[in-house]
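Okay, so here's the structure we're looking at.
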Amino acid sequence: MSADQQRILARAAREVTAGQIVNLGIGLPTQLFHYLPDEMEVLVHSENGVLGCRPRHADEAPDWDLIDSGGAYIATRPGASVFDSAMSFAMIRRSRVDVTFMGAFEVDELGNLANWKIPGKFSPGIGGAMELAQKVKRLVILCSHNDKHGNPKILERCRLPLTAERCVSRIVTDKAVMDVTPQGLAVVDIAEGLSVSELREATEAELIVDKRRLGRF
């Protein structure tokens, strides 16, 4: 895992509080498991029907019947429960999940999210992301600030097909932490060693920056 990804995950772990039901999306968010304190009481939800997931230890034999929504083998903590997908999505639709973490291809200043399809490339479908984005109490996006070509992923308006509209609460990238507000994207934290002008240059969306309250991570 890259240093930038580790920075994102370490900062994202601060978004989780004890007692929450948390959903971890496919990709980078699944690694958030490893950044949560062992003593923290958190129930991790997987939309395929598990509540109380935990990562499988390297020396632990896989249970072939236990996978997460991305198909990775997982384990369960004491008190975990397993149920059908109808029950799992009922939890999502009734907003019983406190926070979900997802990756993104694009996010914009309105809080619109595009994370399921790039035209011309294969996609298995929108999956549970659409429901999670619309119904979970809080959606936190974990992604690189720019794509592999250096193009901004934090945009004025998304260009790719949307997963859901006006759904994102907070964005955590390797360069900044930003909140979606009625006034626009408000910068909460900025990466150590990065200037505000450099952050603006790397971002298409307009940013609201109050230097008096700006944190570092």
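The values are calculated or read from the model by the stated rules, or taken from the named source; none is laboratory data. Worth saying up front: this structure is predicted, and the values here are computed from it rather than measured. Virtual Cβ from ideal backbone geometry, glycine too; neighbours counted across all protein chains shown. Protein only, heavy atoms only, side chains kept; ligands, DNA and RNA dropped before computing areas. Shrake-Rupley method; radii C 1.70, N 1.55, O 1.52, S 1.80 Å.
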If you take all C-alpha pairs in the stretch 34-107, what percent of them are over 20 Å apart?
35
The alpha-carbon center of the stretch 4-46 and that of the stretch 139-153 are separated, in whole Å, by 19
In what sequence, highest mean first, do 127-134, 114-121 appear when ranked by Cβ atoms within 10 angstrom?
127-134, 114-121
Once phi is turned into ³J(HN,Hα) by the Karplus curve 6.51 cos²θ - 1.76 cosθ + 1.60 with θ = phi - 60°, what whole-Hz value does each residue of the stretch 51-56 show in order, with x for glycine and proline?
10, x, 6, 8, x, 7
In degrees rounded to 10, the 0-90 angle between helix 3-12 Cα long axis and the longest Cα principal axis of the chain is 70
Equivalent ellipsoid dimensions for the stretch 8-66 as semi-axes, Å, which come from the Cα gyration tensor, largest first:
19, 13, 12
Carbon/sulfur fraction of accessible area - the chain, other protein chains in place, 1.4 Å, %:
50
Within the under-14-Å Cβ sphere about TYR73, not counting TYR73, Lys/Arg +1 and Asp/Glu -1 give a net charge of -3
What GluC sites (Glu not before Pro) in the stretch 141-217 are in a loop by DSSP, with at most 12 other Cβ atoms within 10 Å of the Cβ?
GLU192, GLU206
So what's the net charge close to SER95: Lys and Arg +1, Asp and Glu -1, counting the other residues with Cβ under 15 Å from its Cβ?
+3
List the lysines whose Cα sits under 25 Å from the Cα of LYS135, skipping any in the same chain fewer than 8 residues away.
LYS117, LYS153
Averaged per residue, the 1.4 Å probe accessible area of the stretch 103-214, protein heavy atoms only, in Å², is roughly 51
